[in-house]
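Asks: I have a structure here, written as structure tokens, and I will follow up with some questions on it.
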Amino acid sequence: MAEIKFEEALKKLEKIVSDLESGKLPLEESLKKYEEGVRLVSSCSKILEAAQKKVEVLTKKEGAFELKAFEEEELEDK
């Protein structure tokens with residue numbers, strides 16, 4: 001699958017979920033859509049992981065602001 005933008009992948013996923021929830025698709029088409037959905041979820045996950053690595057946070061330390069890399073543990077502490 002060619003590189004896809006996050007927003008585009010999310011829209012496609014929403015459509016796939018809607019189609020699958022309708023229950024109107026034949027089994028073979030449902031399986032194809034499910035497989036496409038799994039690929040899109042994987043792509044979205046990779047995009048989000050890359051974005052998370054790029055995020056930096058501004059923190060105040062000893063009266064001065066400091067830029068440091070985002071760490072997931074910081075979210076868990078809040």
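Asks: Filter segment 27-43 for residues that are closer than 17 Å to residue 8 by Cβ and charged (D, E, K, R) and give the result. Steps first, answer last, please.
Replies: Taking segment 27-43 and keeping what is closer than 17 Å to residue 8 by Cβ, we get 33, 36-43.
Passing the criteria: 33, 36, 39.
Asks: Would you say residue 68 is outside any helix (DSSP H, G or I) and at pLDDT below 95?
Replies: Details: outside any helix (DSSP H, G or I): yes; at pLDDT below 95: yes.
Here the answer is yes, as residue 68 does meet what is asked.
Asks: What pairs come up if the first residue lies in segment 5-29 and is without any contact (Cβ under 8 Å) to a residue 12 or more places away in the chain, the second is assigned to a helix (DSSP H, G or I) and surrounded by 10 or more Cβ atoms within 10 Å (Cβ to Cβ), and their beta carbons are under 8 Å apart, counting only those six or more places apart or on different chains?
Replies: These pairs meet every condition: 25/19; 25/33.
The values are calculated or read from the model by the stated rules, or taken from the named source; none is laboratory data. This one's a predicted model, so the numbers in the text were calculated from it and none came from an experiment. No Cβ is skipped: glycine too gets one built from the backbone with ideal geometry, and neighbour counts run over all protein chains shown.
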